[in-house]
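To start, the structure under review is shown below, and the notes come after it.
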Amino acid sequence: MPKPSAHPGDPHFVDRSGWLRAAVLGANDGIVSVSSLIVGVAAANPDRGAIMIAGGAALAAGAMSMAAGEYVSVSSQSDTERADIAREKASLKQFPDAEFAELAAIYREKGLSEATAHRVATELTRKDPLAAHVRDELGLSATRAARPLQAAFASAATFSVAGALPLLAAIAAPPGAAISVVLCVTAVALAALGALSAKVGGAKIGSGPMLRATFRVVLWGVFAMAVTAGVGFLFGVAA
Ligand SMILES: [Zn+2]
């Protein structure tokens, strides 16, 4: 049964934060790392074939490393959560009174009176003691549980789709214009990503939070490309 909301027209977005973070991270990484690598190689060696190979390799390697990184990091988070829940379950069996007192104390800290806290702890313990402790003591909830495969897939998929943009731009660019075309396409793609992630996160179109998110994403992306182009240029001069 869906939870009743006091403001159904303007819902909360916090339960999107898990996959949104992985998706934005994947997309941002895809655009920035593939475009930076293309610009870096183009600055060192304008041979079209070399640029395409570098771009394709960056796309494949990046998507795989994103998936592996997300899977490993979210798996360790999920392991920690599972271990904590198992510890709580054992403690509820071994020290039911101490656990009950702990739960009542949590409700008192939330502002309930002694009697009400005791009553709430009694009723929730009668209903499902582990659920009450997992939610109110450990702060874990089903909607925000760590999902390694979902996170790995979300970031690899968004990395690939977003990273393909600068590569397609490099392929479509007229000879000798790869750097400027990739720079323009990447800046526009990053601005779109910043705005989209702010929108999905609940920001209003054109609002301060959306403009800040957009500016932040574009600034760091362009900075990364500038540094890589500089390194590529130095290598080109040295070669
Ligand atoms: Zn407990």
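The values are calculated or read from the model by the stated rules, or taken from the named source; none is laboratory data. Model, not experiment: these values are computed from the prediction. Neighbour counts are summed over all protein chains in view; Cβ atoms, including those assigned to glycine, are modelled from backbone coordinates with ideal geometry. Surface areas here come from the heavy atoms of the whole protein model, side chains and all, with no ligands, DNA or RNA. Shrake-Rupley method; radii C 1.70, N 1.55, O 1.52, S 1.80 Å.
Of the candidates Ser36, Ser73, Ser207, which one comes out as most mobile in a Gaussian network treatment of the chain with C-alpha springs shorter than 10 Å? Between Ser36, Ser73, Ser207, it is Ser207 that shows the largest mean-square fluctuation.
Among Ala105, Ala43, Ala164, whose mean-square fluctuation peaks in a Gaussian network model of the chain (Cα, cutoff 10 Å)? Highest fluctuation of the listed residues: Ala105. Residues of the range 146-176 with an amide N closer than 15 Å to a point placed 7 Å from the Cα of Ser65 along the Cα-to-Cβ direction: 156, 159-160, 163. Students often forget the sequence filter, so: which aspartates and glutamates lie under 15 Å Cα-Cα from Lys199 once same-chain residues fewer than 8 apart are removed? Hits, sequence-local ones excluded: Asp10, Asp15.
Screening the chain for whole DSSP H helices of 27 Å or more along their axis (Cα) with average Kyte-Doolittle hydropathy at least 0.5 returns 17-44, 148-172, 178-200, 208-238.
For the chain, which span is the longest to avoid every loop-located (per DSSP) member of trypsin sites (Lys or Arg not before Pro) having at most 13 other Cβ atoms inside 10 Å? Intermediate results must be reported in sequence, preceding the final value.
Working: sites that count: Lys110, Lys204.
Formally, the longest exposed-site-free interval is 1-109.
Please list, or write none, the aspartates and glutamates whose alpha carbon is within less than 20 Å of the alpha carbon of Lys93, excluding same-chain residues fewer than 8 places away. Correct list for Lys93: Glu81, Asp84, Glu102, Glu123, Asp128, Asp136, Glu137.
So with the 1.4 Å probe, I'd like the accessible area per residue for the range 13-231, rounded to whole Å². Could you put the intermediate results ahead of the total?
Working: 11890 Å² over 219 residues.
Roughly 54 Å² per residue, with all protein chains present.
Extension gain for Ser73-Val200 works out to 43.4 nm (0.36 nm per residue, less the C-alpha to C-alpha distance).
Note on Val231 and Ala105: their simple-model spin labels are 5.1 nm apart, each label 7 Å out from Cα toward Cβ.
In this simple spin-label model, placing a label point 7 Å from the Cα along the Cα-to-Cβ direction at both Arg87 and His7 gives a separation of 3.7 nm. Counting protein heavy atoms only, the chain has 69 percent of its accessible area on carbon and sulfur, 1.4 angstrom probe.
Using Cα-Cα distances under 8 Å and only pairs 6 or more residues apart, what relative contact order does the chain have, in percent? If you can, show how the numbers build up before the last one.
Working: 298 pairs, mean separation 91.7, N = 239.
For the chain, the relative contact order is 38 percent.
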